[in-house]
Amino acid sequence: MVKHLVAPSILAADFGNLQRDLLMINETEADWLHVDIMDGMFVPNISFGPDILKIAKKNSRLVIDVHLMIEKPERYIQEYRLAGADNISVHYEACTHLHRTIQQIKETGAKAGVALNPHTPIQLLSDIIEDLDLVILMSVNPGFGGQKFIYQTINKIKELKNMITERNTSTLIEIDGGVGLQNAEVILQAGADVLVAGNSVFKAENPKLAVYGLKNIGVKGLYV
Ligand code: DX5
Ligand code: ZN
């Protein structure tokens, strides 16, 4: 079985020492760097834009995983791709012409993903799943780091995993929000492929050990 991926979210990094934090993550087993773009409209919070993404790209060895929490994301696909995005995910709830936007992402050469808010049913992906490289299931209401994991997400992971298996696609399931050592195992058992981790990595006493723990979850005899 392919090992799951770990994606630290820089939303929880120390922005006064962003380069230091990025270089520190380079020394771990982390796979993707999760980059949250928030516009203050689709979500109540504003994070940062393409200039910070460029800094991340320059200083990170990881796959750059951009999560657009913005209205009408089709306006910015090209800009974030040029700034360094390897994966670009848009919200189902923010796209009127989702199929077109997914093709637009693919045309840039990036991997394309759709993110679902906690209340948005998996079944709504039924007619687009074959086109998706990844699905981000939000396990908190998007907008802020450090929130509590919504447990209903476990059922959604199982449902999405079934859809992916039935349709025989290679879509990855990424879980975003409130993920840490306390719940990673049950999330992976339900069928997740990618764990996003903001606070549980960057606010940990030992962030490198936290990544190690998330990456090696389920390995017998491991205590972190
Ligand atoms: C929330 C963001 C998440 C956030 C996760 O809107 O999409 O990616 O950074 O942070 P934690 O892991 O702290 O919940
Ligand atoms: Zn995110």
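The values are calculated or read from the model by the stated rules, or taken from the named source; none is laboratory data. Since we're looking at a predicted model, the values are computed, not measured. Here Cβ is always computed from backbone atoms with ideal geometry, including for glycine, and neighbour counts include all displayed protein chains. Note: accessible area is taken over every heavy atom of the protein model, side chains too, but ligands, DNA and RNA are not part of it. Shrake-Rupley method; radii C 1.70, N 1.55, O 1.52, S 1.80 Å.
Inspect all residues belonging to segment 28-35 and state whether any of them is in a helix (DSSP H, G or I) and of a type outside the set (D, E, K, R). The answer is no, given that none of the residues of segment 28-35 is in a helix (DSSP H, G or I) and of a type outside the set (D, E, K, R). Looking at ILE217, ILE175, just one residue is in contact with a helix residue (DSSP H, G or I) (Cβ under 7 Å, 6 or more places away or on another chain), at pLDDT 95 or above and either crowded, with 18+ Cβ neighbours inside 10 Å or among the β-branched types (Val, Ile, Thr) (or both), and that residue is ILE175. Here is the figure for segment 143-172: residues that are loosely packed, with under 14 Cβ neighbours inside 10 Å, within 16 Å of ligand 2 (Cβ to nearest atom) and not small (Gly, Ala, Ser) total 1. Restricted to segment 119-142, and to residues there that are within 16 Å of ligand 1 (Cβ to nearest atom) and open to solvent by 30 Å² or more (accessible area, probe 1.4 Å), the residue that is farthest from the chain's Cα centre (by Cα) is HIS119. Entry remark, segment 60-108: residues being open to solvent by 50 Å² or more (accessible area, probe 1.4 Å), under 19 Å from VAL135 (Cβ atoms) and within 16 Å of ligand 2 (Cβ to nearest atom) number 3 in total.
Each residue in segment 1-45 was checked for being closer than 17 Å to SER200 by Cα, in contact with a strand residue (DSSP E or B) (Cβ under 7 Å, 6 or more places away or on another chain) and either modelled with pLDDT under 95 or small (Gly, Ala, Ser) (or both), and 3 pass.
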